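*Asks:* Would you mind keeping the following structure in view while I ask a few things?
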Amino acid sequence: MLELIQVPCLADNAAWLVVNGAEALVVDPAEAAPVLERVATSGARLVATLITHHHPDHVGGVAELVATTGCAVVGNARDGGRIPHLTRRVDPEQTTVVAGVPLEVLDTSGHTLGHVAWACARRFDVVRRHGHGGVEAVAEHLAGRPALFVGDALFGAGCGRLFEGTREMLAQALRTLADRNPSSLVCCAHEYTAQNLRFARQVLPDNAAIAARADGLDEEMGQARSSLPSTLALELATNPFLLALANADPVVAVGELRHRRDGFGS
């Protein structure tokens, strides 16, 4: 059985624990303690940590996880000098097997120059949401899907800021993700969906799908108080940055939208 578990970290981060029988991996552990606690209750052994990019709120728990479990650390070879304790270097377009799970490495540079996403084609039997201020809950409607671990390249109804890359990179990263299986779970690293939907309603006030998602968000978050993971199909219908890819000049459209979002605030 393949299980996906959201682990809340810091103020609004989400780490993702993948349990495959007796072994587990975690994606983007912002801190170690909540990950170690959840691994212990899973009954599995943590064998690897996967990193999407080097920012502190994505690697903050790596050192303690390595010291406590001896797990491998897997990340983009290009970011080898910026990811702590990196033991397995991978390249975009490569497929690597971690904890018995094949993962395709996707180049999603833009937010940072070395940002990658991890695509899991295997379908998850169980998906558990757990947001800040909520309780862990099984999301039955999300089971039976593959997953994209996207870090900060894509959020619920949004995407990450450009800290190092260009708008061309951002548009390409979004296109790379948009072209994946639309049934995929979108496992991003922050719960920003409510803020992003406020922006989406402002820039696309006539979009009925965005309005419906915003109006139903509280119910969707449920007792877990989490909208994560979402699905790529939902993002394709309601994420203004993905919708902008249909523009005649998607690079300009995405770049201008990102500039507007930067000034929008929370």
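A short reminder: the numbers here are calculations on the coordinates, not readings from a lab. Note that the structure is predicted; figures quoted are calculated from it, not measured. All Cβ positions, glycine included, derive from the backbone under ideal geometry; neighbour counts span all protein chains shown.
*Asks:* Rg(Cα) of the range 106-191 divided by 2.2 N^0.38 Å?
*Replies:* Relative to the rule-of-thumb radius for its length, the range 106-191 sits at 1.15.
*Asks:* What number, rounded to the nearest 500 deg cm²/dmol, is the helix-based mean residue ellipticity at 222 nm of the chain, given -39500 (n - 2.57) per DSSP H run of at least four residues and division by all its residues?
*Replies:* Result for the chain, helices only: -8500 deg cm²/dmol.
*Asks:* Further question: What is the extension gain from Asp206 to Gln223, computed as 0.36 nm multiplied by their sequence separation minus the C-alpha to C-alpha distance, in nm to one decimal?
*Replies:* Extra length from Asp206 to Gln223 when fully extended: 3.1 nm.
*Asks:* Now, a different point. Please give the net charge around Thr112, taking every other residue with its beta carbon less than 14 angstrom from that of Thr112, where Lys and Arg add +1 and Asp and Glu add -1.
*Replies:* The answer is -3.
*Asks:* Sticking with this one: Using each residue's phi in the range 33-38, evaluate 6.51 cos²θ - 1.76 cosθ + 1.60 at θ = phi - 60° and report the 3J(HN,Hα) Karplus result to the nearest Hz, with x for Gly and Pro.
*Replies:* 4, x, 5, 4, 4, 6
*Asks:* Note down, for the range 26-91, the three equivalent ellipsoid semi-axes (square root of 5 times each alpha carbon gyration tensor eigenvalue), biggest first, whole angstrom.
*Replies:* After scaling each eigenvalue by five and taking roots: 20, 12, 9 Å.
*Asks:* Next up: Subtracting the Cα-Cα distance from 0.36 nm times the residue separation, let me have the gained length for Arg175 to Ala248 in nm, one decimal.
*Replies:* 24.9 nm
*Asks:* Continuing with this model, one more query. If you line up the long axis of helix 250-262 against the longest principal axis of the chain, both from Cα atoms, how many degrees apart are they, to the nearest 10?
*Replies:* On a 0 to 90 degree scale, this one is about 80.
*Asks:* How big is the range 43-150 by Rg and Dmax over its Cα atoms, in Å?
*Replies:* Radius of gyration, then largest Cα-Cα span, for the range 43-150: 14.6, 40 Å.
*Asks:* To continue, here is another question. Counting other Cβ atoms within 10 Å of each Cβ, which chymotrypsin sites (Phe, Trp or Tyr not before Pro) in the range 102-181 have at most 13 and sit in a DSSP loop?
*Replies:* Phe163
*Asks:* What value does the chain have for Rg/Rh, both radii from Cα atoms and Rh as Kirkwood defines it?
*Replies:* That ratio is 0.94, to two decimals.
*Asks:* Let me ask something else about it. Measure nothing but the geometry: give the 0 to 90° angle between the long axis through the Cα atoms of 167-178 and the longest principal axis through the Cα atoms of the chain, rounded to 10°.
*Replies:* 70
*Asks:* All other residues with a Cβ under 9 Å from the Cβ of Arg258 taken together, and with Lys, Arg as +1 and Asp, Glu as -1, what is their net charge?
*Replies:* Local charge sum for Arg258: +2.
*Asks:* First select every other residue whose beta carbon is under 15 angstrom from the beta carbon of Ile51; then total the charges, Lys and Arg +1, Asp and Glu -1.
*Replies:* For residues surrounding Ile51, the net value is -4.
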